[in-house]
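What follows is calculated from the coordinates using simple rules that are stated; it is not laboratory data. All figures in this text were calculated on a predicted structure; none of them were measured in a lab. Backbone-built Cβ (ideal geometry, glycine too); neighbour counts: all protein chains shown.
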């Protein structure tokens, strides 16, 4: 059977290219959706985590005697109770499940309490006596490599160099800059949560909010000293992720307590603990030098960037590779020198967050492009278009971009959109809003542009695949399908996409999405904008296998057609460790923004008046979900531009709350005008291009460019704070 | 923990007298956060939401401590424009539905949004106990960071606040356009018949604080009987004096220097708006 998707779409409603209602939509709107924090089990007990108050200290003793005496306490566990490997990590196994003799960040877990009530657990936790020999923390990412080594191999996690073209070429016009990106948090609303249920045979079931069931399972099994098949994970309701759930949080802890006590154990972090319980976006310091000829054509880009990985590696190596390989942006540059360093410090551990290394580089290279435009007397859009990459362009890694790269078109689309009306007289539309800080006094408007590039799917030779099972049988006289994967729905809408693909491929309208768990093969991570591509590809392939057995029948009697497929995208290559050359990435995604801001230059307050976007998504399988991703990604970029930062001092977090870690509200985020291009990628299922991350990259620099245009200030750090604008 | 639910004020005062540790709770927008974070574990909560007297306001004005912000905005905006403007900046719609001025006073946070308005408008806080009733001027109510003038057996019953006799303005700086705690705030009330103004700063000292020298300066510099357009020099001097009244700190929300700067800007602007209202012969808020 060789029906094309377009022909199949007409067979049933709710196929690809439409925006059917999410199966979880009504429940979420009504507040009835069961998140991981709502899990409940008869006879369950509660777990709590004792954490280090110090960013760096030697542990000289841990006394749990008094804690064990608290009535209602079932267990108090320390590192000596970890039966398997007391180290885990996504790329390097360097992070203890429970600290042994040293703590390397504020909030590092030291001991666990299991008790009959969360209050009891907290009370008992406060009776654990830990004595510390407090040490001077390493907190400066630029000097960390030469500072006190925090790990046996020293403080360099990874250095990625890229050498392309001439390394000593000169140019007519040269601009340099030093840029800083603060530590952003994913700020997902559903805190870390899960329920571990022990079984009589010594195995364990974990119901968990995560982004990647199988890699969680592998790390948990290793820590518990159990074979992988004795650790079973089922995805629970996930309240957002954005990269912050790629690493383990309470997974091993809950399982340890469950296996030790023989009771189901629930753990839920509160908001403050959540800030200590997951990795954040790497703060970065980036040095750039751009050289161009008098026509604005880039001759070279040289950059040295530092990314602060904090106390443990997490996904720092891959973040550094992204920052390096995407470090010149979506531009053609023949001569490139990049040195990107990911380092250990005693700051909070940093890892995956939407945009993953490309965000930090994006703020810097787009700031540089504006600086270059100014030096050349060109418009910001013209200098970008002059250098815009296209299909066939060569990346600094030597990789040829072999599908659509409509960078100039995206820029022109946002440039040609009508500008918003002039500054309002309604205080609700002015900086400060109803806080009534201005009736127009001091308000200056600015316009800024940015464009960004992001790799889609896992890179550098990683065996990136997903497994999908599609089962078809007769239900009430007609064909019905069920689709099963271990790919995590974290709110992005994969459940809808999978239904749409099955409907389109099989012409079956009734499609059930089965719970996501580890009884099926790996679905890969819900990250790198990859699930529609990879798990979507797997579901499509499984449908093709089912379809050939179905052979056009609409009645299969008692037969059950059940096909499981493991699907891979095309292979990628490692980077050459000396030159950074290699076909490291699967696909590239692009988005451009035009931001219009009103800045109260006397008070340093900003209102983003419009934030319009153009993005190529290859093909919009669910147009409404695509718009949602672009709006959400842009809002997260707005947050980094003007408010979101985990502030640290001496390695300690100063604002672990939503009172002081501010994320944009609906009154901070303007309505967006969005252009979606659908330039199919011939290498991808349905031609799709990952959509979730690119808008996060260009949103931030576009807004900062607009603030610069309004104020004339250099603004080399994000988030831009009022103090930066007022000079106080 | 006991959850006490008195039906009358007299009953509530008896309970408070017998259990001084009982924490009064109205909207719960502060207290519940503290409980959730284990910052306090009182022996009892004293729920004040069933006491009719606290939920009402009467002419004059005597505003019950349990009147939520949303009613102040919707029903008292014309009479108490400054308080309504400050109430409008509190939290989110959900918080404004629950939160109360009485709660703001009970918490006595230096960043509480209504405090500068109460100070600038000569509000008087009515507190009661089984021993009787006390009337405490707002200026005497705030004693320190999260400390107020209540005795252990007292409850906040009402805020007495005369209907505005002249223009009032409130302004608050936050690093988000809504639902944000004050980096610093400022309130001004004009009393044209008395040839004076009230001015106060919030979130810029250990307590909300009146800017007395700034008030005195305007009383002497302005002609309330025949208001003329303001001189820039007057606005600047006023802003400077307001700024000097503050003793802010550097913290995660902003620097001390920024707070002083922003207070001067807000003072200049709000004075300009209020004075213009006077010149225009208006009394209503913007």
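A compact table of results
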{"item": "Residue order, fewest to most surrounding Cβ atoms within 10 angstrom, among A:297, A:454", "result": "A:297, A:454"}
{"item": "Sum of -39500 (n - 2.57) over DSSP H runs of 4+, divided by residues of chain B (222 nm, nearest 500)", "result": "-10000 deg cm²/dmol"}
{"item": "Theoretical gain in end-to-end length, residue A:134 to residue A:445 [0.36 nm per residue, Cα-Cα removed]", "result": "107.0 nm"}
{"item": "Gain on full stretching of the segment that runs from residue A:512 to residue A:475 - 0.36 nm per residue minus C-alpha separation", "result": "12.2 nm"}
{"item": "Angle between chain B longest axis and helix B:256-279 axis [Cα atoms, degrees, rounded to 10]", "result": "70"}
{"item": "Helix-only CD estimate at 222 nm, as mean residue ellipticity for chain A, using -39500 (n - 2.57) per DSSP H run (n ≥ 4)", "result": "-7500 deg cm²/dmol"}
{"item": "Cα-projected label distance for residue A:151 with residue A:658, points at 7 Å along beta-carbon direction, nm", "result": "3.3"}
{"item": "Label-point gap, in nm, between residue A:42 and residue A:558 - each point 7 angstrom along Cα→Cβ", "result": "3.5"}
{"item": "Degrees separating the helix B:232-245 axis from the principal Cα axis of chain B, which is the longest one", "result": "30"}
{"item": "Pairwise centroid distance, computed over Cα atoms, of the range A:683-727 with the range A:81-114, Å", "result": "36"}
{"item": "Modelled FRET efficiency - R0 51 Å, residue A:102 with residue B:5, Cβ distances, 0.05 increments", "result": "0.50"}
{"item": "Residue mean of other protein chain beta carbons inside 10 Å, A:421-433", "result": "2"}
{"item": "Span from the the range A:333-412 Cα centroid across to the the range A:212-291 one, whole angstrom", "result": "31"}
{"item": "The range A:491-528 versus the range B:213-273: alpha-carbon centroid distance in Å", "result": "61"}
{"item": "Cβ-derived FRET efficiency at R0 45 Å, residue B:49 paired with residue A:13, nearest 0.05", "result": "0.35"}
{"item": "Cut-off 20 Å, label 7 Å out along Cα→Cβ of residue A:270, residues of the range A:42-61 by amide N", "result": "A:45-54"}
{"item": "Per-residue Cβ neighbour rank within 10 angstrom, fewest leading, A:554, A:485", "result": "A:554, A:485"}
{"item": "Simple label model, 7 Å out from Cα along Cβ direction - residue B:107 to residue A:374, nm", "result": "4.1"}
{"item": "Acute angle (nearest 10 degrees) that the helix B:212-221 long axis makes with the longest principal axis of chain B, alpha-carbon atoms", "result": "40"}
{"item": "Residues A:13, B:189 arranged by fewest to most Cβ contacts within 10 Å", "result": "A:13, B:189"}
{"item": "At R0 = 51 Å, FRET efficiency that the Cβ-Cβ distance of residue B:95 and residue A:683 yields, to 0.05", "result": "0.55"}
{"item": "Averaged over A:596-605, number of beta-carbon atoms from partner chains that fall within 10 Å", "result": "3"}
